[in-house]
1. Name the residue, out of Thr271, Thr262, Thr279, Thr275, that is in a loop (DSSP other than H, G, I, E, B) and either under 27 Å from the mean Cα position of the chain (by Cα) or closer than 25 Å to Asp88 by Cβ (or both).
2. Restricting to the range 82-120, count the residues that are farther than 25 Å from Val149 by Cα and surrounded by 20 or more Cβ atoms within 10 Å (Cβ to Cβ).
3. Given the conditions (1) surrounded by fewer than 16 Cβ atoms within 10 Å (Cβ to Cβ); (2) farther than 21 Å from Leu218 by Cα, and given that Thr154 satisfies all but one, which numbered condition is not satisfied?
4. Within the range 77-127, which residues are under 23 Å from Leu246 (Cβ atoms), of a type in the set (Ser, Thr, Tyr) and in contact (Cβ under 8 Å) with a residue 60 or more places away in the chain?
5. Considering only the range 167-181, state which residues are touching a residue at least 40 places away in the same chain (Cβ under 8 Å) and assigned to a helix (DSSP H, G or I).
6. Name every residue in the range 226-252 that is hydroxyl-bearing (Ser, Thr, Tyr) and surrounded by fewer than 15 Cβ atoms within 10 Å (Cβ to Cβ), in order of residue number.
7. Do you know which residues across the range 219-246 are among the hydrophobic types (A, V, I, L, M, F, W, C) and not in a strand (DSSP E or B)?
8. What are the residues in the range 182-201 that are surrounded by 14 or more Cβ atoms within 10 Å (Cβ to Cβ) and in a loop (DSSP other than H, G, I, E, B), if any?
Amino acid sequence: MAGPLVGSRMTAGAFTRRGMPIALAWLVLAGACRGTVTPAAVPSPSGPTAPPPPAVAAVRRTALPANIPGASWIVTSAARLRVNGVADEQRVESQARVSWTFDRHPSGSARATGQVDAFSVRSSLDSGRTGAAPPAARLLLDGLLDSAVVRVVTRPPQANECDRYESSAAALARELLVRVPDGFQVGDRWRDSTVSLVCRSGVPITVYTTIISRVERLTDEVLVVRREIQSTLDGRGGSAFRSLELVGTGSGEQRVEINAQTGILERLVGTSTLTLKVTERTPSLPPRTQDVVQRVELKAERVTR
């Protein structure tokens, strides 16, 4: 059908009768020329928008410095000994001012150099008298720490470590060697099993110790470690005229606070109980056995130089 010529007039009725079909055909043709007609957008369902999933917080893990700067501590041990058959309880308090510097491995193992600047011992059997360290101004120490060894030796080494002030002072310094591996988070545990040698009353004693450590708290500022300690002891010594045998078991716990930024131990508190059976053998006499119970309260606090 031909459309109206340009310049001709179209009445309203003609538009109704003839123009509408042409207009509709033009729209269809125009749509065909553009391609596929885009469908109208479907409105989204009404209702509140779901919140985004919560962000997963990063897990904080232990990571102490490789080089731990030098620091000093006052270490105090208060022991109470009760021997069966003896009415009075013996009390012994020892104290040392100790300094250490550590080179640390991510496994928590470390080498340390340090010294004892002061050491004293008080015993209820000494009527209040105080024993002091030898005249030397400082007792120099070397320390080694890993999962199987905790060792402190004097520099230069002693020819005889039995019942000497130096050995007792080194034992207090040893308490500051605490292994904390990198990569642990709150609740994680690790195990150390060590063997050490000590000497008491002329008897060399082998001490087998198992320590189960657990991260109790970890922030940007502080790391708190709980330690459960189990030990067994076995020693024999003496002469042909008198020999001593010693066996025992011990248990204890410690709480250790460490500066998470510097790696320096800030505070340590602990308690332990040791049960010993000591047997004395003398020719031509029956063996004599005594049971000894020792309870110890240990405390170490960092001090400024």
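1. Numbers: Thr271 fails: in a loop (DSSP other than H, G, I, E, B); Thr279 fails: in a loop (DSSP other than H, G, I, E, B); Thr275 fails: in a loop (DSSP other than H, G, I, E, B).
It is Thr262.
2. Here the count works out to 0.
3. (1)
4. Answer for the range 77-127, where residues must be under 23 Å from Leu246 (Cβ atoms), of a type in the set (Ser, Thr, Tyr) and in contact (Cβ under 8 Å) with a residue 60 or more places away in the chain: Ser77, Ser94.
5. Within the range 167-181, Ser168, Ala169, Ala170, Leu172, Ala173 qualify.
6. Just the residues of the range 226-252 that are hydroxyl-bearing (Ser, Thr, Tyr), to begin with: 231-232, 239, 243, 249, 251.
Result: Thr232, Ser239, Thr249, Ser251.
7. Within the range 219-246, Ala240, Phe241 meet the criteria.
8. Keep residues of the range 182-201 that are surrounded by 14 or more Cβ atoms within 10 Å (Cβ to Cβ), which gives 182, 184, 186, 188, 190, 192, 194, 196, 198-200.
The answer is Asp182, Phe184, Val186, Asp188.
The values are calculated or read from the model by the stated rules, or taken from the named source; none is laboratory data. Here the structure is a predicted model, which means the values were calculated and not measured. Cβ atoms come from the backbone with ideal geometry, glycine included; neighbour counts cover every protein chain shown.
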